[in-house]
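Each remark here refers to the structure printed beneath this line.
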Amino acid sequence: MARYTSLDPKKYIKIRDAAITLFYNQGIDNTSIQQIANEAGIAKGTIYLYFKNRDDLVSYIFNYCFNLHIEASMKDVEVQKSSSDKLKKRVKNILLWNIEFPKESSIARAYYKPVNVVGTENVAFSRSYEINKEFVKTGVEMGEFKQLPLEFLCNVFFSAVEGISTYVKNNKHVLKDEALLEKMIEATVDSIRK
């Protein structure tokens, strides 16, 4: 997080936006503080008024992008009636957000590790996993999903989401075919449905 909230918020936004652009264009590891300062049109030392060091800035940028991801993923989810519909809406929101905000999505995914493979401890996307886990748990309790171990169902669902996310990322035309997209999203939930 920023060190001083009383500093010029416009410079803060310039630093953030410059870092996002450079991280997206050339990668996080290939971007220096000097390059971010140049892109933002400020002196390198100014960045250190806002962030303790490069790691602090990188952490802030990831958290900023990840929070946008979570916020976008939850749009209109709670108004869905069933757990299946909540999960489907969330998947669709994420797919659309990834395409609409490629820079922020790319940065968030730079820290992504498949929760279904590595577990939830110390994984950046554990918050997203826990949201889905609650929907799956409710779906099991309501008889909507298979009566199998919760962690297993979550792993199956996350694997399906990984599959559709990778496919859509490589085949963006799917987003223009609403019927196909809906069928694909439906398939992600079918794997755990009764």
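The values are calculated or read from the model by the stated rules, or taken from the named source; none is laboratory data. Because the structure is a prediction, the values reported are computed rather than measured. So basically every Cβ, Gly included, is an ideal-geometry build from the backbone, and we count neighbours across all protein chains shown.
Which residues, taken from region 1-35, are under 24 Å from residue 105 (Cα atoms), among the aromatic types (Phe, Trp, Tyr) and at pLDDT below 95? Scanning region 1-35 gives a single hit, 12. Looking at 86, 75, just one residue is surrounded by fewer than 17 Cβ atoms within 10 Å (Cβ to Cβ), in contact with a helix residue (DSSP H, G or I) (Cβ under 9 Å, 6 or more places away or on another chain), closer than 30 Å to residue 138 by Cα and basic (Lys, Arg), and that residue is 75.
Taking (1) under 30 Å from residue 144 (Cβ atoms); (2) not in a loop (DSSP other than H, G, I, E, B) in turn, residue 64 satisfies each apart from (1). For the residues 57, 87, the requirement of being touching a residue at least 40 places away in the same chain (Cβ under 8 Å), farther than 24 Å from residue 189 by Cβ, over 14 Å from the mean Cα position of the chain (by Cα) and assigned to a helix (DSSP H, G or I) singles out 57. Residues in region 138-194 that are small (Gly, Ala, Ser) and either part of a helix (DSSP H, G or I) or touching a strand residue (DSSP E or B) at 6+ places or on another chain (Cβ under 9 Å) (or both): 139, 159, 160, 163, 165, 179, 187.
Looking across 105, 32, 59, one residue alone is assigned by TED's automatic domain parsing to the domain that holds residue 181 and of a type in the set (S, T, N, Q). It is 105. For region 48-99, a tally of residues being of a type outside the set (Gly, Ala, Ser) and farther than 30 Å from residue 32 by Cβ returns 20. The sole residue among 169, 194, 146, 183 that is in contact with a Gly (Cβ under 8 Å, 6 or more places away or on another chain) and among the charged types (D, E, K, R) is 194.
Under the condition of being more than 22 Å from the chain's Cα centre (by Cα) and part of a helix (DSSP H, G or I), the residues counted in region 23-35 number 3.
When 47, 20 are screened for being in a helix (DSSP H, G or I), touching a Leu at 6+ places or on another chain (Cβ under 9 Å) and either of a type in the set (Val, Ile, Thr) or assigned by TED's automatic domain parsing to the domain that holds residue 125 (or both), only 47 passes. The lone criterion from (1) buried (at least 16 other Cβ atoms within 10 Å of the Cβ); (2) assigned to a helix (DSSP H, G or I); (3) modelled with pLDDT of 95 or more left unmet by residue 38 is number (1).
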